[in-house]
Amino acid sequence: MADPMYRQIADDLRRQIEDGELTPSSQLLTELELREKYNASRNTIRDAIKWLITRGLVETRPGQGTFVVEKIIPFITNLTDDPRTASGGEGDTYTQEVTAKLRTPYSNSPQVGVEDADSVKASELRLEEGASVVSRHQQRFIDGTPWCLQTSFYPMSQVEQGATRLLQAPNINEGTVAYLRKSLGIEQTSYRDILTVRAPDENETRFFRLPDDGRISVIETRRTAFDESGNPIRVTVTVYPSDRNQFAIEVGPVPHSAWVPDAPPSPAAAPSPGGS
């Protein structure tokens, strides 16, 4: 039994994509042109496009048309760092992690602000709700592609005790873990990560250039770091789009040869979730 007409059209378009006749980011014919080419109804063409969309081969852009999806090679982030030495993917460490895999990193200068802690941040940092916290927000890219959004929150008491660079816009290249150790003697000895998969908000959709129908989720990590007395010293929230990021968690003496290199697998849920 022959496949339905929409599947025949979808298969032909898929073949053109796989053979390179339709290159990444190229635009498909308009709906009217496809109807004329395949002698098909509007609903049949729409079903064919929908089939391609659900398989991540094309995307529709409102007011522009349908385009071949550009394949992105995922970046693998290892979430199991030594808390005493891990600087959380910030500053020079982020650059080294990415360049070690022959990729090109870029981060903008942090956007620094002071805000009142909401109930969630206050609970995580063990502060009174409304207490002042310093926020440091960065946009990060790999190979020119938007990769993650990261915001770290620090108690204002750290600035008052002498860690004044937290309030300054320049990137803390050695990482805030090393900076807090040197400036205040605060030793990060542990951290807790909470991962949440959710739909992107409007800002994330725009920054990561995601389809606006929400079919590509984001992974949000909330890392609360603690000193040797068990006191929280920062909270870092990092948002990763799932089409270009993967995570590894290693337990025990995993041999280096067992590490899975970055490769373009199926889309899944990239700089590690630390402070900036």
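The values are calculated or read from the model by the stated rules, or taken from the named source; none is laboratory data. Given the structure is predicted, the values throughout are model-derived calculations rather than measurements. Reconstructed Cβ throughout: ideal geometry from the backbone, glycine too, with neighbour counts over all protein chains shown. Quick note on the areas: whole protein, heavy atoms, side chains included, nothing else; ligands and nucleic acids left out. Shrake-Rupley method; radii C 1.70, N 1.55, O 1.52, S 1.80 Å.
Quick notes on this structure:
- Accessible area of the range 135-255 belonging to carbon and sulfur atoms, whole % at 1.4 Å probe: 50 percent
- Estimated purely from DSSP H runs of n ≥ 4, each contributing -39500 (n - 2.57), the mean residue ellipticity at 222 nm for the chain is -7500 deg cm²/dmol once divided by its residues.
- For the chain, convex hull of alpha carbons as volume per residue, Å³: 165 Å³
- Lys/Arg +1, Asp/Glu -1 at C-beta; the chain dipole; positive extreme among ALA169, ALA122, LEU184: ALA169
- Of the beta bridges in the chain, as assigned by DSSP with both residues counted there, near 90 percent are antiparallel.
- Gained length - SER119 relative to GLN27, 0.36 nm times residue gap less alpha-carbon distance: 28.5 nm
- Whole-number D in µm² s⁻¹ for the range 10-153, Kirkwood Cα-pair radius fed into Stokes-Einstein, 37 °C, 0.692 mPa s: 170 µm²/s
- When only the Cβ of Lys, Arg, Asp and Glu is charged (+1, +1, -1, -1), the dipole of the chain relative to its Cα centre reaches about 260 debye.
- Heavy-atom accessible surface of the chain, averaged per residue, reaches 51 Å², computed with a 1.4 Å probe.
- For the range 98-232, fraction of C-alpha pairs farther apart than 27 Å, in %: 27 percent
- Options TYR94, TYR6, ALA248, ranked by Cα towards positive dipole end of the chain, top entry (Cβ charges): TYR6
- Loop-located GluC sites (Glu not before Pro) in the range 1-85, at most 13 other Cβ atoms within 10 Å (DSSP): GLU21, GLU70
- Phi-based couplings in Hz for the range 142-158 (Karplus 6.51, -1.76, 1.60; Gly and Pro marked x): 10, 6, x, 9, x, 10, 7, 10, 9, 10, 10, 10, 10, x, 4, 4, 5
- The gain in end-to-end length when the ASN203 to ASN173 segment is fully stretched comes to 8.1 nm, 0.36 nm per residue minus the alpha carbon separation.
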